[in-house]
1. What about Met75, is it touching a Phe, Trp or Tyr at 6+ places or on another chain (Cβ under 9 Å), of a type outside the set (S, T, N, Q), part of a helix (DSSP H, G or I) and modelled with pLDDT of 95 or more?
2. Name every residue in the range 71-91 that is over 19 Å from Ser36 (Cβ atoms), surrounded by 14 or more Cβ atoms within 10 Å (Cβ to Cβ) and hydrophobic (A, V, I, L, M, F, W, C), in order of residue number.
3. Can you name every residue in the range 23-42 that is aliphatic (A, V, I, L, M) and surrounded by 11 or more Cβ atoms within 10 Å (Cβ to Cβ)?
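The values are calculated or read from the model by the stated rules, or taken from the named source; none is laboratory data. Please read all numbers here as calculations on a predicted model, not as lab measurements. With ideal geometry, Cβ positions are generated from the backbone for all residues, glycine too; neighbour counts draw on all protein chains shown.
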Amino acid sequence: MVTVDVIDMIDINALLKEAESAPMGKEIDDICQELSLFLRVKNARYANSVSEPLNVFSKAGPNDQINSRMDDKLMRIKNSPVERRNDFVDLTGYLVLKCLENDWTDFKTMLD
């Protein structure tokens, strides 16, 4: 019996063409590139501490540590009288790292 993977049925060229006409497409590309640079530099500076924690005080694994950091950021956002860019960028970064830790790297199948 032959099975067809959903990924094989996705027309990448059609998605790229549709994405080219997306409102704010360039701005989305630009911010994603900035976020990539931000995450890569932070990851280098912190020696990949999210994926390879020292576990000196906490014995939690990478996913639980990411969850804890996101909880901390959400609490800071909730309790702050002003929105601070740093909190939102850090939270976005943790969400990206969470996707990487769980190997959630292909989003094409989620398009509806």
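1. Numbers: touching a Phe, Trp or Tyr at 6+ places or on another chain (Cβ under 9 Å): no; of a type outside the set (S, T, N, Q): yes; part of a helix (DSSP H, G or I): yes; modelled with pLDDT of 95 or more: yes.
So Met75 does not fit the description; no.
2. Result: Ile77, single match.
3. Taking the range 23-42 and keeping what is aliphatic (A, V, I, L, M), we get 24, 28, 31, 35, 37, 39, 41.
Selection gives Ile28, Ile31, Leu35, Leu39.
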